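Input: a single structure, listed below in structure tokens.
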Amino acid sequence: MINGVKTWCTFGARADVLMLLARTDPERAKTHRGLSLFIVDKPRFPGHAFTASQPGGGTLTGKAERTPGYRGMHSFGLALDRWFVPDAQLVGGEAGLGRGFALQMAGFAAGRLQTGGRACGLTQAALDHTCAYVAERAQFGRPIGDYGLTRFHVGRMAARLIAARAITYAAAVAMDGDERAAAPLAAMAKLFACDVAVEVTQLGQLLHGGWGYAEEYPISRCVADAQVLPIFEGVKPILALKVIGRALLTADRRL
């Protein structure tokens, strides 16, 4: 019987199966060593809120968190009250008891890689929207894309995108070879590509002028969506400190 709250569960309503980390050892002194990982079945629901119940009286309720961006990918807060999960759905079986945190951390490298990929896609979209806008928007009798400063900024945006894409592709190739060894590189790709997405989307917004803040133009959505990228799958400072820095200083790793 699982009781408690699971936060930031992406697609929590539409999913019919969840990965859930739960405390199975009541001794709090064991901290993360008292956590286990479960596969949890649930009914699938449309919409932004739901309530599910089991024949034995267990309930699972969820509600989408309201966010300024990323509205096509809702994350839910879930509340479980005596929600029954068979012991066969403990990941790793008996050997997985108390190892949930380690098992979950092992899966983060793939999440970081795909976040880097998403950042590259968003950066490309921002660049495309900006190039289209400055080619059409005229000031003082000619398109603003004809001015040197505009071209300087667009060129820098493109260069940053290509650099982010290069490290992300390199991490993807390395992950195909050895996922565990490539984890620091995947973290670097996520760290760099997400920073680039924030920088390029905001610069694209500036080149749109006042219209960059209007929802009429897609660059405003790009800016809002980019803000979350340095946060999830490892917030930026912790990623640099605990994942990349630790990996480089505790092993013979050459870049």
Restricting the search to region 69-83, which residues are open to solvent by 60 Å² or more (accessible area, probe 1.4 Å) and either hydroxyl-bearing (Ser, Thr, Tyr) or modelled with pLDDT of 90 or more (or both)? Asp81, Arg82
Tally up the residues in region 30-62 that are crowded, with 17+ Cβ neighbours inside 10 Å and of a type in the set (Lys, Arg), please. 1
Can you pull out every residue in region 170-191 that is in a loop (DSSP other than H, G, I, E, B), open to solvent by 20 Å² or more (accessible area, probe 1.4 Å) and under 25 Å from Pro237 (Cβ atoms)? Glu179, Arg180, Ala181
Looking only at region 66-124, how many residues end up being of a type in the set (Gly, Ala, Ser) and not in a helix (DSSP H, G or I)? 8
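Condition check ((1) under 22 Å from the mean Cα position of the chain (by Cα); (2) not hydrophobic (A, V, I, L, M, F, W, C)) across all residues:
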| site | (1), (2) |
| --- | --- |
| Gly4 | no, yes |
| Thr7 | yes, yes |
| Thr10 | yes, yes |
| Val17 | yes, no |
| Gly34 | no, yes |
| Leu37 | yes, no |
| Val40 | yes, no |
| Pro43 | no, yes |
Do the conditions hold for Thr150, that is, is it under 20 Å from the mean Cα position of the chain (by Cα) and hydroxyl-bearing (Ser, Thr, Tyr)? no
Which number in (1) closer than 30 Å to Phe11 by Cβ; (2) open to solvent by 70 Å² or more (accessible area, probe 1.4 Å); (3) of a type in the set (A, V, I, L, M, F, W, C); (4) modelled with pLDDT of 95 or more marks the one condition that Leu149 misses? (1)
Filter region 115-136 for residues that are open to solvent by 50 Å² or more (accessible area, probe 1.4 Å) and either among the small types (Gly, Ala, Ser) or touching a residue at least 24 places away in the same chain (Cβ under 8 Å) (or both); which is nearest to Pro184 (Cα to Cα)? Arg118
In region 192-223, the residues that are open to solvent by 20 Å² or more (accessible area, probe 1.4 Å) and under 28 Å from Gln104 (Cα atoms): Phe192, Asp195, Val198
Please pick out the residue among Ile238, Ile167, Ile231, Ile162 that is outside any helix (DSSP H, G or I), open to solvent by 40 Å² or more (accessible area, probe 1.4 Å) and not acidic (Asp, Glu). Ile231
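The values are calculated or read from the model by the stated rules, or taken from the named source; none is laboratory data. No experiment lies behind these values; they were computed from the predicted model shown. Cβ: placed from backbone, ideal geometry, glycine included. Neighbour counts: every protein chain shown. Note: accessible area is taken over every heavy atom of the protein model, side chains too, but ligands, DNA and RNA are not part of it. Shrake-Rupley method; radii C 1.70, N 1.55, O 1.52, S 1.80 Å.
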